[in-house]
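Engineer: A single structure is presented below for examination.
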Amino acid sequence: MAKEMPKRLFTVQEAADYLGLPTKRIYEAVRKRATQEARERFPVKPKRHGKIWLFERKDLDAYADSIPYQEVHDV
């Protein structure tokens, strides 16, 4: 039986699902990449394949790893 290869490129929907974010946030982040602040907030640069934006797994993982932890305080 052939070994299934892990997925390397993700569509916007798949990237959003992978990161646990709404697709709207991914679309907004990509559209706002023109400013330095926006690139710092979402540094993942998509690739274009025709009209489709694709994101590399390694870039999504690096972004997720860069998100700081926040302390959770019981109320």
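Bear in mind that the values in this text are calculations on the coordinates, not laboratory data. Values in this document were obtained by computation on a predicted structure and should not be read as measured data. Here Cβ is always computed from backbone atoms with ideal geometry, including for glycine, and neighbour counts include all displayed protein chains.
Engineer: Determine, for Thr11, Thr35, the number of other Cβ atoms within 10 Å of each Cβ, and report the residues in order from fewest to most.
Structural biologist: Thr35, Thr11
Engineer: Expressed as a rounded percentage, what relative contact order does the chain have, with Cα pairs under 8 Å and six or more residues apart?
Structural biologist: Relative contact order of the chain: 33 percent.
Engineer: Could you work out how far apart the two model spin labels at Tyr69 and Lys7 are, taking each label as a point 7 Å from the Cα in the direction of the beta carbon, and quote it in nm?
Structural biologist: For Tyr69 paired with Lys7, the spin-label model returns 2.8 nm.
Engineer: For a test of understanding, tell me how many lysine pairs in the chain have Cα atoms under 23 Å apart, given they are 8 or more places apart or on different chains.
Structural biologist: Lysine pairs meeting the criterion: 17.
Engineer: Tell me, Kirkwood radius of the stretch 9-66 from alpha-carbon pair distances, in Å?
Structural biologist: Taking the inverse mean of 1/r over all distinct Cα pairs, the stretch 9-66 comes out at 11.3 Å.
Engineer: Can you tally the net charge around Glu40? Count Lys and Arg as +1, Asp and Glu as -1, for every other residue whose Cβ sits under 14 Å from the Cβ of Glu40.
Structural biologist: My count for the surroundings of Glu40 gives +4.
Engineer: Only sites in a loop by DSSP and with at most 12 other Cβ atoms within 10 Å count here; which trypsin sites (Lys or Arg not before Pro) in the stretch 26-74 make the cut?
Structural biologist: Passing both the DSSP loop test and the Cβ count: Lys51.
Engineer: Separate question: Below 14 angstrom from the Cβ of Thr23, what's the summed charge of the other residues (Lys, Arg +1; Asp, Glu -1)?
Structural biologist: Net charge around Thr23: 0.
Engineer: Something else: Lys and Arg at +1, Asp and Glu at -1: add these up for the other residues within a Cβ distance under 13 Å of Arg8 and post the number.
Structural biologist: That works out to -1.
Engineer: Could you check the simple spin-label distance between Arg48 and Lys32, using points 7 Å along Cα→Cβ, in nm with one decimal?
Structural biologist: 2.2
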